[in-house]
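Quick notes on the structure that follows.
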Amino acid sequence: MAIQAALAAGKILEKYYETEILKEFKEDKSITTVADRESEEVIKKVICETYPGYCILGEETGYTNNKGDYTWHIDPIDGTRNFSNCLPFFALSIALEHKNKIIVGVVYNPITRSLFYAETGKGAYLNDKKINVSKDNSSHAILVSGKGKSAEDRKFARALMHYLPERFAGLTVRDFGCCALDLALLAQGGVEVGIELGLDGYDFAAGVLLVQEAGGKITKLDGSSWKFPDNEFIASNGVFHDLLVEEVQKQKKKLGI
């Protein structure tokens with residue numbers, strides 16, 4: 001059902017992509033568009049037809065049926081700024097949470113036809129092909145990072161993007177501006193590290209399950225156990241995760257965060 005919802009919403013995004021779409025700015029300066037709203041409505045419609053009693057938390061419309069142990073987390077366009085500027089680095093994200101555990105996750109980029117999905121205990125997939133995290137060490141690794149809207153999160157993210165390549169020879173960085181794709185690509189083996197700071201749960205809910213089901217590792221910044229919806233974490237292929245934790249902690253201490 002989540003895949004069905006993603007494909008239906010994907011058609012909405014295709015319709016508006018590379019058109020002169022009006023950008024609207026929210027109070028927090030983030031962007032929304034008519035495509036965000038229509039995408040979310042389509043996803044909610046499909047979900048409600050199958051699971052009418054489940055809670056839904058969407059970026060655009062907030063909570064629907066906000067009682068119960070099951071919650072769908074919806075980001076109708078993660079990377080709206082990219083989308084509205086005709087950059088193909090965006091995706092819609094749908095995840096089902098049960099008591100702080102993500103049990104279903106779907107990330108879909110309709111422009112590249114990249115459909116990532118996972119279910120607890122059943123592995124992670126890209127277009128029906130099973131995927132796994134890479135086995136590369138730091139000398140061949142790519143790091144991506146997402147950050148929230150606070151000045152502290154942005155300062156810390158910028159510092160890490162500059163500092164970590166100095167500590168790990170061969171490590172390079174990318175900034176895709178789409179957390180859902182960051183984590184999906186990590187699960188696919190395209191990148192090795194994702195450090196996410198201060199984002200909303202619907203940004204990363206589906207992606208974290210993809211990483212976990214693809215054999216990756218996720219911890220808090222200090223290396224302790226992570227659970228949803230904690231929004232500061234390190235996700236990696238696990239090869240040099242402990243070293244990453246050490247270096248992130250050193251930089252955090254240096255910045256006094």
*Residues of segment 236-257 satisfying the condition of being assigned to a loop (DSSP other than H, G, I, E, B), surrounded by 14 or more Cβ atoms within 10 Å (Cβ to Cβ), at negative phi and of a type outside the set (Phe, Trp, Tyr)*: 237, 239
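Residue-wise test of (1) in contact (Cβ under 8 Å) with a residue 40 or more places away in the chain; (2) closer than 28 Å to residue 84 by Cα.
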{"position": "159", "(1), (2)": "yes, yes"}
{"position": "164", "(1), (2)": "yes, no"}
{"position": "177", "(1), (2)": "yes, yes"}
{"position": "220", "(1), (2)": "no, no"}
{"position": "238", "(1), (2)": "yes, no"}
{"position": "248", "(1), (2)": "yes, no"}
{"position": "252", "(1), (2)": "yes, no"}
*Looking at 163, 125, which is the one that is outside any loop (DSSP other than H, G, I, E, B) and under 28 Å from residue 13 (Cβ atoms)?*
125
_Cβ-Cβ under 6 Å, sequence separation 6+ or interchain: first residue in segment 5-17 and more than 9 Å from residue 38 (Cβ to Cβ), partner open to solvent by 30 Å² or more (accessible area, probe 1.4 Å). Which pairs?_
8/42
*Among the residues of segment 9-30 satisfying the criterion of being among the aliphatic types (A, V, I, L, M) and out of contact with any Pro (no Cβ under 6 Å at 6 or more places or on another chain), which is least open to solvent (accessible area, probe 1.4 Å)?*
9
*asked:* Would you confirm whether or not segment 142-158 contains a residue that is open to solvent by 20 Å² or more (accessible area, probe 1.4 Å), within 26 Å of residue 251 (Cα to Cα) and assigned to a loop (DSSP other than H, G, I, E, B)?
replied: yes
*Does segment 119-140 hold any residues that are within 19 Å of the chain's Cα centre (by Cα) and open to solvent by less than 50 Å² (accessible area, probe 1.4 Å), and which are they?*
123, 124, 126, 131, 133, 134
_Take the conditions at pLDDT 95 or above, in contact with a helix residue (DSSP H, G or I) (Cβ under 9 Å, 6 or more places away or on another chain), assigned to a helix (DSSP H, G or I) and not polar (S, T, N, Q) and apply them to residue 43. Does it pass?_
yes
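Name every residue in segment 55-86 that is in a loop (DSSP other than H, G, I, E, B) and farther than 20 Å from residue 37 by Cβ, in order of residue number.
Hits for segment 55-86 are 67, 68, 69.
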*So is residue 204 closer than 19 Å to residue 160 by Cβ, assigned to a helix (DSSP H, G or I) and in contact with a helix residue (DSSP H, G or I) (Cβ under 9 Å, 6 or more places away or on another chain) or not?*
yes
*Any chance residue 176 is surrounded by fewer than 24 Cβ atoms within 10 Å (Cβ to Cβ), more than 23 Å from residue 103 (Cβ to Cβ) and within 18 Å of the chain's Cα centre (by Cα)*: yes
*Looking only at segment 183-193, decide whether some residue is among the acidic types (Asp, Glu) and assigned to a helix (DSSP H, G or I).*
no
*So residue 49, is it without any contact (Cβ under 8 Å) to a residue 60 or more places away in the chain, assigned to a helix (DSSP H, G or I) and within 17 Å of the chain's Cα centre (by Cα)*: no
*Among the residues of segment 38-72, how many are closer than 24 Å to residue 176 by Cβ and open to solvent by 10 Å² or more (accessible area, probe 1.4 Å)?*
4
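Kindly establish whether residue 228 is more than 14 Å from the chain's Cα centre (by Cα), in contact (Cβ under 8 Å) with a residue 24 or more places away in the chain and surrounded by 18 or more Cβ atoms within 10 Å (Cβ to Cβ).
Criteria not met by residue 228.
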*asked:* When you scan segment 205-218, do you find a residue that is open to solvent by less than 30 Å² (accessible area, probe 1.4 Å) and free of Cβ contacts under 8 Å to residues at least 24 places away in the same chain, even just one?
replied: yes
*Filter segment 161-180 for residues that are out of contact with any helix residue (DSSP H, G or I) (no Cβ under 6 Å at 6 or more places or on another chain) and within 17 Å of residue 231 (Cβ to Cβ) and give the result.*
178
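The values are calculated or read from the model by the stated rules, or taken from the named source; none is laboratory data. Bear in mind the structure is a predicted one, so any value in this text is a computation, not a measurement. When we count neighbours, we look across all protein chains shown, and the Cβ atoms used for this are built from the backbone with ideal geometry, even at glycine. Keep in mind that these areas ignore ligands, DNA and RNA; they rest on the heavy atoms of the full protein, side chains included. Shrake-Rupley method; radii C 1.70, N 1.55, O 1.52, S 1.80 Å.
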